[in-house]
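Just so you know, all these numbers are worked out from the coordinates, no wet-lab data involved. Just so we're clear, the structure is a prediction, and the values are computed from it rather than from any experiment. Backbone-built Cβ (ideal geometry, glycine too); neighbour counts: all protein chains shown.
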Amino acid sequence: MSLQLSSLQLTDCQKVLGVDYTNLKALCRINGLKLSDSNSYQSTEEAHKHFMNSYQKIFLRPQNLVIKKDSKIRDKLQASKSQVFQDMNRNQGHKRQTQETHMNYVIKALKKIPILRSQLEHRDIHKMLKVFPCLTAQLSRLELQQISTIAIVETWDRAQIIFGHNGFYLILKGSVRLYSQETSNKAVDPKGPVLGVGASFGSFEPPSPTGTEVDLTAQCTLTQEPCEILQISHSGYARLKKEIQAHIYVLKETLIQGCQFYLQWPKFSIHRLADLIQMKRFPPNHVLVKEGKVSPFAAYIRKGECHMLQDIHFLKKTPQETKGSRVKFIVVGKLGPMESFGEVSILLNRPSPCSIVTATEIQVGIIQPDALKGLDSVTLSLMLQTAQPTYGNLSQDEMNLEYVRQGSLKEWDHVKKKVLSEALFYNGIQEGHRLTREGLSFCLE
């Protein structure tokens with residue numbers, strides 16, 4: 001029997017590297033294959049199917065060689081993958097164990113009376129509670145920081161009813177089922193939703209007096225197992241809010257009284273301003289006031305520093321010998337803590353002669369223009385008499401001289417840094433490393 005390979009139609013991707021003669025001999029020994037004198041196959045149907053299913057095995061193809069060649073590499077990859085999965089599972093198990101240990105520590109701290117907790121315990125409680133979205137979504141940043149002073153943990157056994165009318169409840173361990181009861185004392189909806197760790201029920205504020213009975217009973221839950229549940233009572237939260245508001249109000253009053261223009265103001269007028277102040281934070285390089293525009297608000301700086309910039313217009317020739325106008329800024333002053341700006345610009349509708357840009361992150365108390373103009377006439381007159389612009393208008397010659405002076409200082413600083421960097425590099429000292437006395441003396445020789 002002879003096989004004509006040219007009669008087999010192979011695609012381009014099925015390139016043949018050789019013939020496996022062992023499989024070829026086995027193929028030729030199939031019972032039922034016959035060859036007539038006319039060179040045409042006359043075989044049984046069973047033999048024909050066996051041949052068609054097995055003839056591909058007589059060809060040696062590249063992929064077979066690659067598989068044999070890469071078998072060791074594949075085994076190594078599978079071994080490395082299994083090792084990675086084992087390490088991941090081990091790390092996850094260790095992380096889970098660490099979280100459980102930390103949770104047990106925080107629960108133990110929460111079972112203490114708040115006044116007996118240490119500052120470290122309060123910080124750990126705050127670190128854990130800020131992870132729960134149900135708290136961060138309903139509490140402000142200050143409230144979340146101080147919530148550990150009123151929060152406690154209660155232990156509940158299985159099949160106990162917890163009434164959520166008296167406060168806010170957060171599940172730290174265990175699970176509960178929403179529970180309601182009709183007047184007939186028969187449980188309703190025994191297959192209600194189950195709340196697990198991290199879920200909450202109840203509210204921070206007392207329920208509305210006009211609330212329906214359905215709203216009240218919906219806050220009841222039935223424990224499915226022993227639970228550790230954090231509780232924040234309505235009275236404790238109301239007291240905390242009152243203390244925070246009082247602290248913020250005192251902070252606003254202190255901020256106004258600390259400004260030099262308000263040192264002699266009566267308390268009544270200071271109270272009027274403190275009621276209007278909103279505390280804000282701004283990042284560095286944030287434009288607070290634009291030159292030539294009315295100030296968008298009156299500001300009282302508590303922390304940080306601002307630069308007052310004034311633009312100096314000059315003409316400069318471009319490479320095409322054409323003149324184009326460019327804008328350069330010079331620093332005409334600085335504003336720091338316990339300083340204010342914007343009051344006169346708003347009250348007199350006077351454009352600001354300079355821009356005010358934050359040099360660092362700042363915390364300020366601001367008063368919106370409408371609120372400032374809505375003050376009584378006595379307070380407005382007092383403000384116009386005492387508050388003065390903290391900057392003055394500079395002539396063009398003065399701005400030019402100041403621009404040259406500041407440019408010279410920047411150039412001198414650049415030269416000093418360049419010389420120092422070259423000296424350090426020449427002596428093999430990398431920038432950022434601590435310079436010893438011996439290295440400094442060697443550098444100066």
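Grouping the Cα pair distances of the range 214-268 into 5 Å bins from zero gives a pair-distance distribution of 4, 13, 12, 12, 12, 10, 8, 7, 6, 6, 6, 4, 2 percent in increasing distance order. Once phi is turned into ³J(HN,Hα) by the Karplus curve 6.51 cos²θ - 1.76 cosθ + 1.60 with θ = phi - 60°, what whole-Hz value does each residue of the range 134-140 show in order, with x for glycine and proline? Taking θ as phi minus 60°, the curve returns 5, 8, 5, 7, 10, 10, 6 Hz for the range 134-140. Exposure proxy for I362, I115: other Cβ atoms within 10 Å of each Cβ, ordered fewest to most, give I115, I362. The residues H102, H50, when put in order of fewest to most other Cβ atoms within 10 Å, stand as H102, H50.
Peptides 124-136, 161-173, 369-381, ordered by how many other C-beta atoms sit within 10 Å of their residues on average, highest first, read 161-173, 124-136, 369-381.
Here each label is just a point 7 Å from Cα along the line to Cβ, and for E411 and K280 those points are 3.9 nm apart.
For the range 292-303, backbone phi angles converted through the Karplus equation (6.51, -1.76, 1.60; θ = phi - 60°) give residue-by-residue couplings of x, 10, 5, 4, x, 6, 8, 10, 10, 7, 9, 9 Hz, Gly and Pro being listed as x. When the pairs K241/K293; K252/K293; K108/K280; K108/K242; K173/K241; K293/K418 are compared against a 30 Å limit on Cα-Cα distance, K241/K293; K108/K280; K293/K418 fall above it.
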